[in-house]
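> After the structure tokens below, expect a handful of questions from me.
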Amino acid sequence: PHPAFSHPTPALSQDAPRAGAASAPDRLLQAVRQAMTPTVGFIGLGNMGLPMARNLLKAGRRLVVHDINPAAMSALADIGATAANSPAQLAEVVGANGTVLTMLRSGAEVRDVLAGDRGVLRACAARHEASGGRSGGRTLLIDCSTIGPDDARALAAEAGSVGCDYLDAPVSGGAIGAEAGTLTFMVGSADEAVFARAQPLLAQMGRSSVRCGGVGAGLAAKLANNLALSLQMLGVAEAMQLGIAQGVDPKVLASVFNSSSARCWSSDTYNPCPGVLPGVPAEREYEGGFATKLMIKDLALALSAAAAAGTPSPSGEHAMRLYSVAAARGFREKDFGSIFAFLGQNRGAADEVAVALAEAWAEEAAEAGGLEWAPGEFGDDVVAGVAAAALREATPDQTVTVDSEGRVASTEGKARPKGE
């Protein structure tokens, strides 16, 4: 919106006849502001997209939305948005001077919504062709999804060919940040002017936006961020379980972390232990947050990027296996902080986790080698060997004997075992 129409003037606000009722000058200003504001389209109204779109409505944006879930569209239509039947129809309503935002789960979904048969670019291409390439404006496409940087660069090229500007703007802050309007946008834009055009819109959904470089650079930063986040959450979850198992109160333990060197977002803002923080997924059985399956997807993208760049990521590979094991044990749809609950379920059964991780590694190796592998193919002798190896590593001066189920049968030597 033009700065002059960002808010009613104090004098006009004071002239309002009663609370909750706008005066005639107020209504006129609102109508003028609405007419001068380009239409914004929003596609993808999930845990992140719905509150982001809602914040745009609160900021006075004229909004048209689309999602495969009719209930999500209805929720926004009830507070002033217009629902579109397809991405192409949404793009037609938005027009050449408008902006289309996408917040979707995968690169395949983004490509289908933007470049598919009923996609945004289909409508933009028709408009571009009809005007002979002189449509009088360039639709701005802002993709907030987490996809591969190469996928973003390919879409940017296609968008440019039909008179659109494209930037990648993945976010950090989670569903809590989306609701509060405190997200951080990591932006990849080929042009500083395009980034400047997007900033007022991003500011209505987030606290900061950082241009990281050209198209794809925002995603590169996001993948690096989520790689660090995955490890951070694992560290907090394991450390909380350790302290609790030794009798420390969870809230006390978290307060120690948050005032010490262990302080991080996964502890002080998104703690995975129930009863520590209000309003986080851990307080509602890990529903409604950033699903474990999505963390696995982001880790796969990060590890693929690491392989392409030649940067080793052994911790990331380990995290990928551990989140995958948790997903297979019932936590796939739960918030990724549910790794805390997964570890808690396996207290006293560390060998089982070690074997599951070893099987995950073996499955990867078999797939890379073109071999067949079925989970559970490790026999009792391997389970016992993992247990024995773990104990020998902890107590190298001892001779450890285990039975076929991995239980310690006998120990010899002076060193005392560090654990059962």
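The values are calculated or read from the model by the stated rules, or taken from the named source; none is laboratory data. Keep in mind the model is a prediction, meaning the values are calculated, not measured. Cβ placement follows ideal geometry from the backbone for every residue including glycine, while neighbour counts extend to all protein chains displayed. Side chains are part of the model used for accessible areas, which takes the heavy atoms of the whole protein and leaves out ligands, DNA and RNA. Shrake-Rupley method; radii C 1.70, N 1.55, O 1.52, S 1.80 Å.
> If His66 meets every condition in (1) surrounded by 17 or more Cβ atoms within 10 Å (Cβ to Cβ); (2) modelled with pLDDT under 95; (3) touching a helix residue (DSSP H, G or I) at 6+ places or on another chain (Cβ under 7 Å) apart from one, which number is that one?
In the conditions (1) surrounded by 17 or more Cβ atoms within 10 Å (Cβ to Cβ); (2) modelled with pLDDT under 95; (3) touching a helix residue (DSSP H, G or I) at 6+ places or on another chain (Cβ under 7 Å), His66 misses (2) alone.
> Right, something else. Go through (1) open to solvent by 50 Å² or more (accessible area, probe 1.4 Å); (2) of a type outside the set (Lys, Arg); (3) within 22 Å of Gly213 (Cβ to Cβ); (4) in contact (Cβ under 8 Å) with a residue 40 or more places away in the chain for Ala190 and report which single condition fails.
(4)
> If you don't mind, another one. Any chance you could count how many residues in segment 218-267 are closer than 30 Å to Asp191 by Cα and not basic (Lys, Arg)? So that I can check it myself, show each step before the final result.
To start, the set of residues in segment 218-267 that are closer than 30 Å to Asp191 by Cα comprises 218-229.
Subset that is not basic (Lys, Arg): 218-221, 223-229.
So the count comes out to 11.
> Looking only at segment 289-309, which residues are closer than 17 Å to Glu333 by Cβ and either within 9 Å of the chain's Cα centre (by Cα) or buried (at least 22 other Cβ atoms within 10 Å of the Cβ) (or both)?
The answer is Gly289, Phe290, Ala291, Thr292, Leu294, Met295, Asp298, Leu299.
> Could we say that Gly288 is modelled with pLDDT under 95 and out of contact with any Cys (no Cβ under 9 Å at 6 or more places or on another chain) here?
Considered against the rule, which asks whether it is modelled with pLDDT under 95 and out of contact with any Cys (no Cβ under 9 Å at 6 or more places or on another chain), Gly288 comes out as yes.
> Go over the candidates Ala53, Ala59, Ala72 one by one and state the one that is surrounded by 19 or more Cβ atoms within 10 Å (Cβ to Cβ), of a type in the set (A, V, I, L, M) and under 18 Å from Thr184 (Cα atoms). Give the steps one after another, and end with the answer.
Working: Ala59 fails: surrounded by 19 or more Cβ atoms within 10 Å (Cβ to Cβ); Ala72 fails: under 18 Å from Thr184 (Cα atoms).
Ala53 is the lone residue from the list that is surrounded by 19 or more Cβ atoms within 10 Å (Cβ to Cβ), of a type in the set (A, V, I, L, M) and under 18 Å from Thr184 (Cα atoms).
> Are any residues in segment 180-201 touching a strand residue (DSSP E or B) at 6+ places or on another chain (Cβ under 8 Å) and in a helix (DSSP H, G or I), and if so, which ones?
Glu192, Val194, Phe195, Arg197, Ala198, Gln199, Leu201
> State which residue pairs qualify: first residue farther than 14 Å from Ser161 by Cα and inside segment 112-136, second residue charged (D, E, K, R) and surrounded by fewer than 19 Cβ atoms within 10 Å (Cβ to Cβ) in any location, beta carbons under 7 Å apart, and separation of 6 or more residues or different chains.
Short answer, once both residue conditions are applied: Gly119/Asp112.
> Return the pair list, or none, for Cβ contacts closer than 6 Å from residues in segment 60-84 that are closer than 20 Å to Val113 by Cα and part of a helix (DSSP H, G or I) to residues that are of a type in the set (Gly, Ala, Ser) and open to solvent by 30 Å² or more (accessible area, probe 1.4 Å), at least 6 apart or on different chains.
From residues that are closer than 20 Å to Val113 by Cα and part of a helix (DSSP H, G or I), the pairs are Met73/Ala83.
> Considering segment 138-155 alone, what residues qualify as being out of contact with any Ser or Thr (no Cβ under 8 Å at 6 or more places or on another chain) and either open to solvent by less than 20 Å² (accessible area, probe 1.4 Å) or of a type in the set (S, T, N, Q) (or both)?
Correct list: Thr146, Ala152, Leu155.
> Any idea which of Ala224, Ala159, Ala180 is buried (at least 21 other Cβ atoms within 10 Å of the Cβ) and either aliphatic (A, V, I, L, M) or touching a helix residue (DSSP H, G or I) at 6+ places or on another chain (Cβ under 8 Å) (or both)?
So the residue among Ala224, Ala159, Ala180 that is buried (at least 21 other Cβ atoms within 10 Å of the Cβ) and either aliphatic (A, V, I, L, M) or touching a helix residue (DSSP H, G or I) at 6+ places or on another chain (Cβ under 8 Å) (or both) is Ala159.
> Restricted to segment 95-122, and to residues that are among the hydrophobic types (A, V, I, L, M, F, W, C) and open to solvent by less than 10 Å² (accessible area, probe 1.4 Å), which residue is farthest from Leu141 (Cα to Cα)?
Step one: of segment 95-122, the residues among the hydrophobic types (A, V, I, L, M, F, W, C) are 96, 100-101, 103-104, 108, 110, 113-115, 120-121.
Filter again for open to solvent by less than 10 Å² (accessible area, probe 1.4 Å), leaving 100-101, 110, 114, 120.
Numbers: Val100: 5, Leu101: 6, Val110: 11, Leu114: 9, Val120: 9 Å.
So the residue we want is Val110.
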